[in-house]
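Chemist: Below: one structure in structure tokens.
We did not get these values from a lab; they are worked out from the coordinates using the rules stated. These numbers come from a predicted model, not from an experiment. Glycine gets a Cβ as well: all are built from the backbone with ideal geometry, and neighbour counts include every protein chain shown.
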Amino acid sequence: MLSQVVELIEKKNNFAITTHVRPDGDGVGSSLGLCWLLRSLGKTAEVIVSDGVPVSYQSLPGADQIRKVTEVDNTYDAIFVIECSDIDRPGIAGLRDQFTVNIDHHATSDHFGTVNWIDATASAVGEMIYNLCKAIGGRVTKEIAECVYMALVTDTGSFHFPNTTDRTLKVASELVKAGVKPAQISEAVYNSYPWSRIELMRQVLNTVKRDPSGKVAWMRQTLEMRVNAGMVDGDNNGFVNIPLAAKEVVAAIYMRETAPNYFRVSLRSKGEINVAKVAEKFGGGGHKNAAGLRVEGDWDEKEKEIVAEVIKAVKYGDFIDIEEMELSLV
Ligand SMILES: [Mn+2]
């Protein structure tokens, strides 16, 4: 919990911070925000990741100092692990032997850390980093503010998603007071992609389908598309949300082929439709409106299974035991 995190920061001096593979705005922003906070408290800190930092986040202060590693190659008093469901998510070897501090806003975290601070009410880990800054009596410097704002704006879809609360907006307001230029951050995130994103989008949107009700949409990204578009990391950020722009679409599925017969699947939904429950059925997890999973097998078959589960979630919601209902229908 927060008080334990405050205490260990006060006691220890030399820190590393890491986040999940294919880091997003919250992963990078929160890691860097925490790094700047620790430094402002006179501590030694650095951010280590196994993947590169996507272009959209490279303009953040300190992004150029992020070190790419495959294993823990330094001695630290503690390593913060940001937004990871388990200890393997950062893709860095040797983390198990370290004093780790698990900071996450996903309820599905498996509490792998030596210390765990999970706040499922936070819109982003960035919001938690801001709270930590306040709790420890730190000053919100311009560097901290820019990094944390990036985390908020990306994880809330520019304050569109249901995870946006009065606290999120209050924190955002404080960050703007501390020197953030919202338009500048938005420009870096939403209007600074390479053309390969547009090319990939064209190909992916070409595969979009809907169920007969028109409420569930799904689409594919093949290995071939990646090559044809010259895709770089982050090019497909947010693609899963595109079908949700249609009024009648309430759930979207985006399947990416990562190797022949291996798929990463993102699920998104509107309102009360719980796609985290669907993801859990396939061994994945996430939030009610944003979840993910990995599957292996025949593409058509797996797609059918996942689409069927999402359609059930849209049709029947949370309140009915689907299996029981199926039995009663037989
Ligand atoms: Mn997040």
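Chemist: Apply the Karplus parameterisation 6.51 cos²θ - 1.76 cosθ + 1.60, with θ equal to phi minus 60°, to every residue of region 13-24 and state each ³J(HN,Hα) to the nearest whole Hz, in sequence, with x for glycine and proline.
Modeler: With the stated coefficients, region 13-24 comes to 10, 10, 10, 10, 10, 9, 9, 5, 4, 6, x, 9 Hz.
Chemist: Classify region 2-190: rounded, prolate or oblate, from the alpha-carbon gyration tensor (a ≥ b ≥ c, eigenvalue square roots; a/c under 1.5 rounded; otherwise prolate if a/b is larger than b/c)?
Modeler: rounded
Chemist: Enumerate the calculated ³J(HN,Hα) couplings along region 282-298 in order (Karplus 6.51 cos²θ - 1.76 cosθ + 1.60, θ = phi - 60°), each rounded to whole Hz, writing x wherever the residue is Gly or Pro.
Modeler: Rounded to whole hertz, the list is 9, x, x, x, x, 9, 3, 9, 8, 9, x, 7, 10, 9, 10, x, 6.
Chemist: Could you work out [θ]222 nm for the chain from helices alone, using -39500 (n - 2.57) per DSSP H run of at least four and dividing by all its residues? Round to the nearest 500 deg cm²/dmol.
Modeler: Numbers: 11 runs with 123 residues, N = 330.
It lands at -11500 deg cm²/dmol.
Chemist: Which pairs break 22 Å Cα to Cα here: Lys181/Lys247; Lys134/Lys170; Lys215/Lys288; Lys170/Lys215?
Modeler: Correct reply: Lys181/Lys247; Lys170/Lys215.
Chemist: Taking the Cβ of each residue in Val53, Val148 as the centre, tally the other Cβ atoms inside 10 Å and list the residues starting with the fewest.
Modeler: Val53, Val148
Chemist: Please list the non-local residues whose amide H lies under 5 Å from the amide H of Ala78, H modeled 1.01 Å from N, same-chain partners needing a gap of 5 or more.
Modeler: When sequence neighbours closer than 5 places are left aside, the close amide H contacts are Asn14, Ala16.
Chemist: Among Tyr57, Tyr76, what is the fewest-to-most ranking by other Cβ atoms within 10 Å? Don't skip to the end; give the middle numbers.
Modeler: Values: Tyr57 25, Tyr76 20.
The order, fewest Cβ neighbours first, is Tyr76, Tyr57.
Chemist: Using the Karplus curve 6.51 cos²θ - 1.76 cosθ + 1.60 with θ = phi - 60°, what ³J(HN,Hα) values do you get for each residue of region 117-122, in whole Hz, with x for Gly and Pro?
Modeler: 10, 10, 10, 6, 8, 7
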